[in-house]
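Right, one structure below, let's go through it.
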Amino acid sequence: GSAKARVWYGDPGRGKSWLACAAALCALKAGATVAWVSWPDLLSNLRDRVREGRPLRELLRPLASPAVLVVDEVKGTATEFSADVAETLIGRRVESGGKILLTANLSEAQLWQCVGDRVRSRLAAAGKCTPLTGADRRTRK
């Protein structure tokens, strides 16, 4: 669609990553480029490389070019570093008009605390934030 951002949040097993995968596949079939990153893995890898002296913006540059960016499994406690990554990657992407899909294993309040008010505001203005509820689909028979 025309929205630049989609955010799905809620407890694990509710179908957030499945929806993001389906949307990414639709984008690929339409000829768009897609990048998929896991938030915990991204933070871990970036932290190590920043410690080596690499600038954060330079490290995130490859994620700026795909037409669609999927950031999966946003979770954890907000730190100064994670807030910088959220602002640089998510906030700037939305600000520049890039499409982003974000999933979070958090409540809405926890998600916004994790990414910060500026990123929350940009995501909300650019698209739709939807809670996914119901039973854990992984444990249903």
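Looking at segment 22-49, which of the residues that are β-branched (Val, Ile, Thr) and either touching a Phe, Trp or Tyr at 6+ places or on another chain (Cβ under 8 Å) or within 30 Å of residue 139 (Cβ to Cβ) (or both) is least open to solvent (accessible area, probe 1.4 Å)? My answer is 37. If the condition is being over 16 Å from residue 70 (Cβ atoms) and under 15 Å from the mean Cα position of the chain (by Cα), then segment 120-138 contributes 120, 121, 122, 124, 131.
Checked against (1) of a type outside the set (S, T, N, Q); (2) touching a residue at least 60 places away in the same chain (Cβ under 8 Å); (3) open to solvent by 40 Å² or more (accessible area, probe 1.4 Å); (4) within 19 Å of residue 112 (Cβ to Cβ), residue 19 passes all but a single condition, namely (4). Among residues of segment 107-123 being small (Gly, Ala, Ser) and without any contact (Cβ under 8 Å) to a residue 60 or more places away in the chain, the one that is surrounded by the fewest Cβ atoms within 10 Å (Cβ to Cβ) is 109. Taken over segment 10-34, the residue count meeting the criterion of being closer than 18 Å to residue 110 by Cα and assigned to a loop (DSSP other than H, G, I, E, B) is 5. Scanning segment 65-87 for residues that are farther than 18 Å from residue 21 by Cβ and either in contact with a Phe, Trp or Tyr (Cβ under 6 Å, 6 or more places away or on another chain) or crowded, with 19+ Cβ neighbours inside 10 Å (or both) returns 82, 85, 86.
The values are calculated or read from the model by the stated rules, or taken from the named source; none is laboratory data. Every value quoted in this text rests on a predicted model; they were computed, and no experiment measured them. Methodologically, a virtual Cβ is constructed for each residue, glycine included, from the backbone with ideal geometry; neighbour enumeration extends over all protein chains shown. Ligands, DNA and RNA are stripped out before the accessible areas are found, and what is left, the full protein with its side chains, is counted by its heavy atoms. Shrake-Rupley method; radii C 1.70, N 1.55, O 1.52, S 1.80 Å.
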